[in-house]
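Here's the structure we're looking at; comments come further down.
The values are calculated or read from the model by the stated rules, or taken from the named source; none is laboratory data. Note that the coordinates shown come from a computational prediction; the quantities given were computed from them, not determined experimentally. Note that we place each Cβ from the backbone using ideal geometry, even for glycine, and neighbour counts take in every protein chain shown. The accessibility values were calculated without ligands, DNA or RNA, using every heavy atom of the protein model including side chains. Shrake-Rupley method; radii C 1.70, N 1.55, O 1.52, S 1.80 Å.
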Amino acid sequence: MAGDSENQTCKNLHNLLSSFVDTFVDFSVSGLFLPPPPSNSNLNTPFDTFYPSPDRLIAVGDVHGDLEKCKQSLLLAGIIDGSGNWSGGSSTVVQIGDVLDRGGDEIKILYFLERLKRQADKSGGKIITMHGNHEIMNIDGDFRFITIDSLKEFSDWAFWYNVGDSMKRLCSGIVDLQNDPFRGVPMELKGIRKEFHDGFKARIVALRPNGPLSTRFLANNMTVLVMGENVFVHGGLLANHVNYGLERINKEVRDWINGVRRDLWRDIGRGRDSVVWLRRFSHELAESCDCEALEHVLTTIPGVKRMIMGHTIQGKGINGACQGKAIRIDVGMSRGCINGLPEVLEIANNAEVRVLTANPAYRDSYGARVVRSGGRGLGILLEEDRRKQVEPIVETYYEILHVAEDASYEEIRRSYRVTLLQCHPDKLHASLDLPNSGEAIEDRFMKVQKAWEILGDSRSRALYDNNLRSLRCDELVADDVSLEEMMVEDVGEPLGFCYECRCGDYFCVSWHELEEMGHELCRSDKDDISVRTANDIPGCVILPCSSCSLKIRLLINTGCRVKL
C-alpha cells in the first residue's frame, strides 16, 4: 500500500516537476524565463504558408550567432524595448533565416526569439522565423561554419540538459529511458581535437532530426512564406520549386526535422539551385541577376509582386534589383560575417517602405531612409534609392601645391615656392581685412609647408602615395589579404591566385591581371614567385567573390614571395 501511495504521489507530481525542471534548465542555458506557449500551439498543426499583408511588416536578415546585433536590429524597428521584451504591438516580424553558425550565441538567439514569439502572440503581433541554408546544414550534420565559442555554448547546454534529465529520473515515468537523445553518439570523433569532442557531440544531439533543440526551435520554421504581395525565402525560388508546391516544401522540411521523413528533396536544401542556397537574384551587380527567371517565378504565385531574400551579403545595405522585384536584406551584420551595421526592412500597409538603419550617414531625423511608393512600386523605389558613400572632402598634398600626382621633384619644388609666396601671412595680411582671416591664412600656410615636407622627400612621398591609393580603394571589404596568403593555381598559363570566400567560392586574380596593374612577377627555380610592385610602392586591389557580393582587399608588397 505504501508503494502504491508513493507511485500515485509521483504521478500527481509528474507535470509539476517536469515543468519546473524545464524552466530551470531553460534559465540556466539562456538566462531567460519563457512565458507559457500559446494554447493553440501544436507541432502537428498544419503550416499556414500564405498570409494576408499585415499593417506593419518588419523583415530581418541573417544574424549568424550574434545576439547583440539581433537585438539591435529589433530595437531599430521598435519591436523590442531596452530590456529585450516585445514592444511591437500588432507588428509582424519575419526573420529570413541563418541564425546558426559563425557566432557563439546561437542557442541564446533561439531562446530569445522563442520568448518574443510568445510575448508577441499575447499582444496581437507575430514573429515568423525561417530556415536558412545554415539551419539545414546543421540539422544535416554539416558543421563547417561553427566557432569555438559555439562549441562551448552547446557543451553548456548538454550539461544542463543532463542535469534536468537526472532530476526528472528521480520520479519514475517522467523520462523515457528508450528515447535518450545521447544514445548512439560515438564516444570518440575521428579527425576532431579531443577538447572539442563534447561540443561536437552536444551539437549533433541537439540539432539532428528529432533532436531536443531542432524539434523545439526549428521544426516550425518556414522555408517559404507568402505574405500579401511578398514571397519570403532565404536563397530564392525557381519555377521547379513552385511547381513542386510551396506548402509541400514547408511540410517536408518540418517532417524531416521531426524525424518523420528520412531525407529532403535535393532542390530544397542542397545544391546551388536549391531553395536555401540560390543566389541568382542576389548578385550585387543588378545586371548579373537572372531577372527573366525571377519574373517567371513571380507570375506563377498568385498576387505576388516581389521576392525578399537573405543569404547573400549586400555590402551597400538593403537594396533592390530586377526593377525592384528582388529585395535583398542580408547586410552581413554578424561579427562572424562583415560586422555590418544593422538594417531592417519595414513595409507599412503595403504602400511605404523604409530601411531602418543603424548607420548615421544614411539616417533621416527619424532614424530611417523613407521611400514612398506613390503607386510606382516600393521595390522599384528601393532599387533607385542608391546609397552614396559619405567621403570627407579632403585636399591632397598634390592639390595643395597645384601639381599632378606624377609630377617630378623639380616641378613640385617650383610650385611649392610659388604657392608659399602666394599664401605667406606677411603678404596676405596686408591685402585682407576680414574677420578671422588671420587663422585661415596661417592654416593655409601650414598646409603648404606640410605638403612640401611630405612630397619633397622621396621616401615619405612613396608612403603617402601608398596611403592615397589605399584610401581610394577603401570599399567595404570582408577582409584584408596579403598576396602571400593566396593559393596558387598552377594549371597552365597564366597562373592564378585564389583565396577562399566564406560562401565556398573564391576571390581570384591572374598573373596577367597583376602585370597589367604594373607589378612585375618572376617565377624562380625555388618553387616560388617573387613580386616587384609598381614603382616599388606597396599597392592594393579590390577583388570580388565569383559567387556572392563579398569583396577582399588584396595587399601587394614589393619583394614578397608566394610559394607554389
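Miscellaneous remarks
- Residue separation of E411 and Q449 scaled by 0.36 nm, minus their Cα-Cα distance, works out to 12.1 nm of gained length.
- Taking 19 Å as the limit for the C-alpha separation, the pairs K152/K551; K71/K305; K305/K551; K316/K551; K69/K108 exceed it in the case of K152/K551; K71/K305; K305/K551.
- Largest to smallest accessible area among K69, K117 [probe 1.4 Å]: K117, K69
- The charge dipole of region 74-165, taken about the Cα centre with unit charges on the Cβ atoms of Lys, Arg (+1) and Asp, Glu (-1), comes to about 400 debye, rounded to the nearest 20.
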